[in-house]
């Protein structure tokens with residue numbers, strides 16, 4: 001059983017590592033070609049690229065939902081499908097019927113499936129606190145704003161105390177004010193866990209971003225001192241990106 005103290009432990013193995021990963025849904029039509037990247041522990045990595053460039057496919061590979069055809073891919077040294085408990089996943093959105101009576105804390109608790117009730121209660125409280133949801137935990141999820149809902153989904157992913165947190169298009173449908181709050185939250189989280197943001201825009205690229213990975217069938221990794229928004233903008237307008 002994990003404890004609150006254990007959540008402060010920082011892993012030393014790469015949170016995510018890809019070496020020459022290739023994937024195709026159909027023969028002769030590659031979606032990803034020889035993608036290589038390393039996500040260190042306690043870091044913030046932004047994976048960006050045009051729609052249709054392969055970001056979502058790489059995300060599914062990293063989550064163990066698809067099997068790559070060439071190369072090697074690991075999460076903390078293990079195959080992704082064997083490392084599910086180490087990964088916290090935040091989807092783009094969670095659709096709930098307006099009349100469905102589910103509270104914020106109930107949604108958060110869903111992330112602790114399989115844990116003892118006593119441990120789940122403590123983990124839920126910590127996740128709610130980490131995500132800044134104190135005071136709204138008993139409200140209906142359907143009543144919340146888009147930004148608040150995103151915080152709830154992050155809290156749900158944190159209940160399992162993952163070493164790797166992956167967010168899919170977290171800025172989708174939220175206002176600029178919450179974007180700033182979300183960046184600050186991710187900056188705090190990256191002090192102890194690896195955070196990977198998958199997005200088509202540049203919202204989360206900033207001074208505390210450790211690396212940017214541009215995926216458009218292949219991958220280009222930019223180190224912190226080479227993060228140049230003008231360069232990234234040029235990459236979006238390459239001929240390959242327009243295909």
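Using a Gaussian network model of the chain with C-alpha springs under 10 Å, which one of 199, 36, 85 is most mobile by mean-square fluctuation?
Result: 85 has the largest fluctuation of those listed.
Measure out, as a whole number of angstrom, how far apart the alpha-carbon centroids of the stretch 79-120 and the stretch 144-191 sit.
14 Å
Can you give me the Rg/Rh ratio for the chain, using Cα atoms for both radii and the Kirkwood formula for Rh?
0.97
Most mobile of 82, 115, 97 per a Gaussian network model of the chain (Cα springs, under 10 Å)?
Largest GNM mean-square fluctuation: 97.
Output the antiparallel fraction of DSSP beta bridges having both residues in the chain, as a percent to the nearest 5.
50 percent
Counting other beta carbons within 10 Å of each Cβ, put 61, 94 in order, fewest first.
94, 61
How far, in degrees from 0 to 90, does helix 146-158 lean away from the longest principal axis of the Cα atoms of the chain, to the nearest 10?
With both axes taken from Cα atoms, the answer is about 90 degrees.
Please report how far the C-alpha centroid of the stretch 121-138 lies from that of the stretch 34-70, rounded to the nearest whole angstrom.
Computed from Cα coordinates, the inter-centre distance equals 29 Å.
Mind pulling the angle between the C-alpha long axis of helix 176-189 and the longest principal axis of the chain? Nearest 10 degrees, somewhere in 0 to 90.
Approximately 90 degrees, to the nearest ten.
Between the helical axis of 117-130 and the dominant principal axis of the chain, each derived from Cα atoms, what acute angle in degrees is found, rounded to the nearest 10?
70 degrees
Tell me, what is the percent relative contact order of the chain, built from C-alpha pairs under 8 Å that lie six or more residues apart?
Once normalised by length, the contact order is 28 percent.
Taken together, the values in this text are just the output of simple stated rules run on the coordinates, not laboratory data. For clarity, every value in this text was computed on a predicted model and none was experimentally measured. For neighbour counting, all protein chains shown are included, and Cβ atoms are generated from backbone atoms with ideal geometry for every residue, glycine included.
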